[in-house]
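Report on the structure given below.
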Amino acid sequence: MEQPISVTRSNFNDWMVPVFAPANFIPVRGEGSRIWDQENKEYIDFAGGIAVNALGHAHPVAVNALTEQAKKLWHVGNGYTNEPVLRLAKQLTENTFSDKVFFCNSGAEANEAALKLARKVGLDSGVSGKSGIVAFNNAFHGRTLFTVSAGGQPKYSQDFAPLPNGISHVAYNDLEAAKAVINEQTCAVIVEPVQGEGGVIPADIEFLKGLRALCDQFGALLIFDEVQTGVGRTGALYAYMNYGVTPDVLTTAKALGGGFPVGAMLTTDKFAPHFSVGTHGTTYGGNPLASAVAGAVFEFINTPEVLEGVKHRHQYFLDALNTLNAEYQVFDEIRGQGLLIGCVLKAEYAGKAKDITTWAGEEGLLALIAGPNVVRFTPSLIIPEQDIDEGIARLKRALAKLAK
Ligand SMILES: *Cc1c(COP(=O)(O)O)cnc(C)c1O
């Protein structure tokens, strides 16, 4: 057999469009919550592929679903439906508020579908100019032009003007500010139950309840972007279940495929028919391979044992992080839900989150940031306690470099 082409980290700079600045090592293999790089150095994975690898790496449930389906049928296109996608739709609708699902390949596409559906529902309402979208500062909804415009970080959208218009942004967790901009012309409010990229900031329950009431009052769709919080991440199947506030539309991706690209927009029988044949579409969405993997991952996670395990691990993480922080005094606050955890740096360490994750990498730990001042952890939902212990020990060595 021919040798594979030899590649190094520096080739990234040679051949890749420079939108990312990856770490200076290349992971080549993973098992559970451990990863190995080209030099066979081992890392504990507290990043989970950015809240994606919900079952860790190479979990037999996902591997079996993928390989079994790979032998049968990969893709047929949406001129035909397929068994795995119908099974997955049944799982999602039976276990959530939803009645209908639109499948796609990513979080951005799920949100794009949600926002387009809201615009269509607004149009069909007959209320003139019912196209306004209310979103929140620091929100993240993806990188398409519509979703980056709905996102609340102008640095990601301003270079691409002219942007889709009719989108207003107000402060997150500020119900009065939302009240001031939601009216008869509003077709949707889009919100993350826990802002992920924006700094791991959970919504207040009164805020979400208030948005629900305002959407009901003005006939606007309440869209929960659960791309990061969904599929067990917060210890509930979906975060809306923690809050007892039910959206009209929910978007899910990341953990849904456990590492295989898949996304979905969930909605009800009331709104789904506003998308009729031809109004929206995708080539790969609902493809048998992705659906088979997602079905297996979803079934595995949606059990009391796994979801309780996430809550247990949340506390285990918090205890360990608080103990570390008592020694090093680097974090002002440790927050989040389930295994979506953010550690907010004290003012004197402002801007150092990226340095911490770089040092963590040197010590053999994969970790994330959520903005310049928050270190974020989104590990596998079934990470073993001994891997948490070992990861915390490595984090400790990284924090020691900071404290110096
Ligand atoms: C990651 C993320 C997205 C975008 O998902 P992609 O799969 O990268 O398109 C959207 N919303 C939230 C809340 C996310 O965390």
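One table, with the values for the structure above:
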quantity	calculated
Qualifying aspartates and glutamates (Cα of each under 16 Å from Cα of residue 71; at least 8 residues distant if same chain)	83
Peptide ranges 153-165, 175-187 listed from the most packed, as the mean C-beta count within 10 angstrom indicates	175-187, 153-165
Alpha-carbon centroids, region 198-217 and region 36-97: separation in whole Å	31
Three-way shape label, region 193-304, alpha-carbon gyration tensor, a/c 1.5	oblate
Amide H within-cut-off set for residue 195, under 5 Å, with H built and near neighbours excluded	201, 203
Using alpha-carbon coordinates, inclination of helix 353-363 to the longest axis of the chain, degrees	40
Between 0 and 90°, nearest 10: helix 304-328 axis offset from the chain longest Cα axis	50
Folded to 0 to 90 degrees: helix 385-403 orientation relative to the chain principal axis, Cα	80
Cα-Cα over 19 Å, subset of 116/270; 90/209; 311/354; 41/254; 100/120; 130/155	90/209; 311/354; 41/254; 130/155
Cα-based shape type of region 1-155, given that a ≥ b ≥ c are square roots of the gyration tensor eigenvalues and the cut on a/c is 1.5	oblate
Residues whose placed amide H lies under 5 Å from that of residue 131, excluding near-sequence neighbours	187
Sequence-distant residues sharing a close amide H with residue 369 (under 5 Å, placed H)	376
Overall form of region 81-122 per C-alpha gyration tensor (a/c, 1.5; a/b vs b/c)	prolate
Vicinal HN-Hα couplings computed from phi for region 167-183 (Karplus, 6.51 cos²θ - 1.76 cosθ + 1.60; Hz; Gly/Pro x)	10, 10, 10, 10, 5, 5, 6, 10, 5, 4, 5, 5, 4, 5, 10, 8, 8
Residue with peak Gaussian network fluctuation, the chain [Cα springs, cutoff 10 Å], from 279, 252, 144	279
Computed accessible area, residue 143, all protein chains, 1.4 angstrom probe, square angstrom	150
Accessible area of the chain divided out per residue, in Å², using a probe of 1.4 angstrom	45
Share of carbon and sulfur in the accessible heavy-atom surface of the chain [1.4 Å probe, %]	55
Table column - 3J(HN,Hα) (Hz), region 372-377, Karplus curve with 6.51, -1.76, 1.60, x for Gly and Pro	x, 10, 10, 8, 10, 10
Ranked order, 71, 41, 346 - accessible area, probe 1.4 Å, largest first	71, 41, 346
³J(HN,Hα), Karplus 6.51/-1.76/1.60, whole Hz, each residue of region 52-61, x for Gly, Pro	9, 7, 5, 9, x, 9, 6, 5, x, 4
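The values are calculated or read from the model by the stated rules, or taken from the named source; none is laboratory data. Everything numeric in this text was worked out from a predicted model, so none of it was measured. Quick reminder, even Gly has a Cβ in these numbers, built from the backbone with ideal geometry, and neighbours come from all protein chains shown. What goes into the accessible areas is simple: the full protein's heavy atoms, side chains included, and nothing from ligands, DNA or RNA. Shrake-Rupley method; radii C 1.70, N 1.55, O 1.52, S 1.80 Å.
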